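The structure appears below as structure tokens.
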């Protein structure tokens, strides 16, 4: 039995309205998903105008899926010891990298950055002043050969046999 012309028209009207509703729902769902993702990847908490360069000793690595973090004690300018707070304990900084899988593909992982590893990295510090920052857009990470710190005032990129890990060029110049 054929549908009458009125039914055909109404079916087309309903189909058109359903497409609009479905399209609006998909757009709304995309916005709901995109906003937290964008917020998660916001760089606003870091001071992109300021770049610090550290040579430090790894204390631990957090291989989180979203952002691998290396916790380290910065070395003093003489490169003989780590910096210490008023209580005599090492000052600990953290540098946030890309996700663990991406970092591992660049040679940066829990197994390649074990406690005691000496490395140099540039980072954009947190605006809050807490001892942490992001490596984003600051060049490669340089790993010193085992138990071979750089000379006073230098970084791992100056040590013969260093390893350049990750994308980017040389260590950045520190800014204040």
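May I ask you to list the residues in region 91-108 that are farther than 18 Å from residue 168 by Cβ and crowded, with 17+ Cβ neighbours inside 10 Å? Result: 92, 93, 94, 100. For the condition out of contact with any strand residue (DSSP E or B) (no Cβ under 7 Å at 6 or more places or on another chain) and modelled with pLDDT of 95 or more, residue 90 does not qualify. Answer yes or no as to whether residue 116 is assigned to a loop (DSSP other than H, G, I, E, B), surrounded by fewer than 12 Cβ atoms within 10 Å (Cβ to Cβ) and touching a residue at least 40 places away in the same chain (Cβ under 8 Å). So residue 116 passes the test.
The condition of being over 26 Å from residue 147 (Cβ atoms) and either surrounded by 10 or more Cβ atoms within 10 Å (Cβ to Cβ) or modelled with pLDDT under 60 (or both) holds for only one of 58, 53, 45, 82, that being 45.
Quick one: would you say residue 77 is surrounded by fewer than 14 Cβ atoms within 10 Å (Cβ to Cβ), touching a residue at least 24 places away in the same chain (Cβ under 8 Å) and over 21 Å from the mean Cα position of the chain (by Cα)? Taking the combined requirement at face value, the residue satisfies it.
Assessment of region 91-105 against the conditions (in contact (Cβ under 8 Å) with a residue 60 or more places away in the chain and under 16 Å from residue 146 (Cβ atoms)) yields no matching residue. Scanning region 64-99 for residues that are within 16 Å of residue 133 (Cα to Cα) and assigned to a strand (DSSP E or B) gives 68, 69, 70, 71, 72, 73, 74, 93, 94, 95, 96.
Here residue 175 clears all of (1) surrounded by fewer than 14 Cβ atoms within 10 Å (Cβ to Cβ); (2) modelled with pLDDT of 95 or more except the condition numbered (2).
Among the listed residues 139, 99, identify the single one that is at pLDDT below 95 and closer than 18 Å to residue 61 by Cβ. Exactly one residue qualifies, and that residue is 99. The set of residues from region 129-168 being part of a loop (DSSP other than H, G, I, E, B), within 16 Å of residue 52 (Cα to Cα) and more than 17 Å from the chain's Cα centre (by Cα) comprises 129, 153, 154, 155.
The values are calculated or read from the model by the stated rules, or taken from the named source; none is laboratory data. No experiment lies behind these values; they were computed from the predicted model shown. All Cβ positions, even for glycine, are placed from backbone atoms using ideal geometry, and neighbour counts span all protein chains on display.
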